Each structure stands twice: as structure tokens, then as C-alpha cells.
Amino acid sequence: MTHVFDPDVLRQIARLGGDRPIEERLRIITRALAERYPGKVSEELQWVFSNAGGVMGQFTIIHASLREYVIFFGSPISSSGHTGRFTFVNDWAFVLDGELWYFEQGQIERDVYRAGDEVFLKSGSAKGYCIVDHAWILEYARGPIITMLPFGLADSFFSTLDFLTIFRTFRLYVAHVWRGWTR
């Protein structure tokens, strides 16, 4: 199976508008993605809460299919937790704004990532991470995306009991997958 998105292209596009406020940057990046990948990107940013691995943030889907997604994720306030461990999915995070700290099991010193940096989570690996004060990323995941949903929704099901967020997450994801199938 071929993939629509190329991490090298996403990396370049994530650097656009680096001197602009984050809201403007998100629009610039979304527009550039829509031009580079015609018909594959939604320019309507519908934000949804995300409680996963102890981290609370929010996301909006730019593209989603059964084997890829591209989202903006972040939080205007600090949060920390677990990245999740996805056996068959590779995940790239291109830092747009703010600062993130990561560590792997057994690592004593943290790794620090700022705007322009890239964090790669190879399938089967996991990290602890912290959104220090605020942070926003362009995230790309490649693999069987449906296998990520239990992690992505477990905190909402069993901790926050935020069933509206669960509904919105499913609705948004299914709408994007359906949109891809019908084009």
C-alpha cells in the first residue's frame, strides 16, 4: 500500500510561518498542505479535547484514513504523561511552538524539543513527555490508525467520563475517512 503523505514534505511545510503567531501559522501550514496534497486535506479546523496517557490537550484532524493521519495537537497550558506504545504505527511530531520534554525508559536526562524540532516515535516504542508551558505540533502517524483509538480514548472512557469528546472524536475521524473513500 502506498501512503499519501511524505514525512520529509511535512517537515518542510511545518517550518512555514515560523515568525507568525501560532493561529496564523496553523492556517499557513494547513493552506500549504492543501496545495501540496489537493483533495486530501481539510482546511476546516474543528478542535476536540484529547485525554490520552494522562495528557490533556486538543487536536484537529487535517487528514485521516485507515492507515494515516495528519493532525495539529497541543495545549495552551502544561500537561504530561505517556505517548502510548503503538506496535504497528510510526509517529512523527513536528514542533511548531512551545517546548516539549521527552524521555525513554531508563533515560536519566530529558530530551528537549522546541519549534523546528522533530520527535520520532518508532512503532513499538514509548516515551514519557511533558508540554512544558504550552506547545503545538503537526503530527503524522502512519500504520493501522484504528489500533491507536483504544489508547486515544481510554482516559475519556475510564477517567474523565467525557462521552461528548468520545462522540466528537469518532464523528470527526469517521467523517475524514468517509471523505477519503468518496473522493
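The values are calculated or read from the model by the stated rules, or taken from the named source; none is laboratory data. Nothing here was measured: the structure is a model prediction, and the numbers come from that model. Ideal geometry is used to build each Cβ from the backbone, glycine not excepted, and the neighbour counts take in all protein chains shown. We work out accessible area using only protein heavy atoms, side chains counted, and drop any ligands, DNA or RNA first. Shrake-Rupley method; radii C 1.70, N 1.55, O 1.52, S 1.80 Å.
For an R0 of 45 angstrom, estimate the FRET efficiency from the Cβ-Cβ distance between GLU109 and GLU44 and round to the nearest 0.05.
0.65
List the GluC sites (Glu not before Pro) within segment 108-183 that fall in a DSSP loop (any state other than H, G, I, E or B) and whose Cβ has at most 10 other Cβ atoms within 10 Å.
Passing sites in segment 108-183 are GLU109.
Where does the charge balance sit around LEU153 when Lys and Arg score +1, Asp and Glu -1, over other residues with C-beta under 12 Å from its C-beta?
Residues close to LEU153 contribute a combined charge of -1.
Shape of the chain from its Cα gyration tensor (a ≥ b ≥ c, root eigenvalues): rounded if a/c is under 1.5, otherwise prolate when a/b > b/c, or oblate?
Rounded.
In deg cm²/dmol, rounded to 500, what helix-only [θ] at 222 nm does the chain give when every DSSP H run of at least 4 residues adds -39500 (n - 2.57) and the total is split over its residues?
-8500 deg cm²/dmol
State, as an integer percentage, the relative contact order of segment 70-163 based on alpha-carbon contacts under 8 Å between residues 6 or more apart.
41 percent
How would you classify segment 10-80 from its alpha-carbon gyration tensor, with a ≥ b ≥ c the square roots of the eigenvalues: rounded for a/c under 1.5, else prolate if a/b is greater than b/c, otherwise oblate?
Because a/c hits 1.5 or more and a/b fails to exceed b/c, segment 10-80 counts as oblate.
Rounded to the nearest whole Å², what accessible area per residue is found for the chain with the 1.4 Å probe?
Working: 9700 Å² over 183 residues.
Here the residues of the chain average 53 Å² of exposed surface.
So which chymotrypsin sites (Phe, Trp or Tyr not before Pro) in segment 1-110 are both in a DSSP loop and have at most 15 other Cβ atoms within 10 Å of their Cβ?
Details: sites: PHE5, TRP47, PHE49, PHE59, TYR69, PHE72, PHE73, PHE86, PHE88, TRP92, PHE94, TRP101, TYR102, PHE103; in loops: PHE5, TRP47, PHE86, PHE88.
Here the sparse-neighbourhood loop sites are TRP47, PHE88.
Say we join alpha carbon atoms closer than 10 Å with springs in a Gaussian network model of the chain; which of LEU100, LEU16, LEU161 then has the biggest fluctuation?
Comparing LEU100, LEU16, LEU161 in a Gaussian network model of the chain, the most mobile one is LEU161.
For a label point 7 Å from the Cα of LEU161 along Cα→C-beta, name the residues of segment 70-93 whose backbone N is under 18 Å from it.
none
Among the complete DSSP H segments of the chain, which ones combine at least 24 Å of alpha-carbon extent along their axis with a mean Kyte-Doolittle hydropathy of -1.0 or more?
Membrane-span-like by this criterion, though nothing is claimed about a membrane: 163-181.
Go ahead and set up a Gaussian network model of the chain, Cα springs under 10 Å, then flag whichever of THR30, THR83, THR160 fluctuates most.
Of THR30, THR83, THR160, the Gaussian network model singles out THR160 as fluctuating most.
Determine ³J(HN,Hα), in whole Hz, for all residues of segment 134-151 in sequence, where each value follows from phi through the Karplus function 6.51 cos²θ - 1.76 cosθ + 1.60 and θ = phi - 60°; x replaces Gly and Pro.
Computed from phi, the couplings for segment 134-151 are 6, 6, 9, 10, 9, 10, 10, 10, 10, x, x, 4, 4, 6, 8, 4, x, 5 Hz.
Considering only protein heavy atoms and a probe of 1.4 Å, how much of the accessible area of segment 63-111 is carbon and sulfur, as a whole percent?
Accessible surface attributable to carbon and sulfur in segment 63-111 totals 52 percent.
Given an 8 Å cut-off on Cα distances and at least 6 residues of separation, report the relative contact order of segment 1-52 as a percent.
The normalised contact order for segment 1-52 reaches 26 percent.
Please tell me the relative contact order of the chain in percent, rounded to the nearest whole number, where contacts are Cα pairs under 8 Å and at least six residues apart.
Computed over the chain, the figure is 24 percent.
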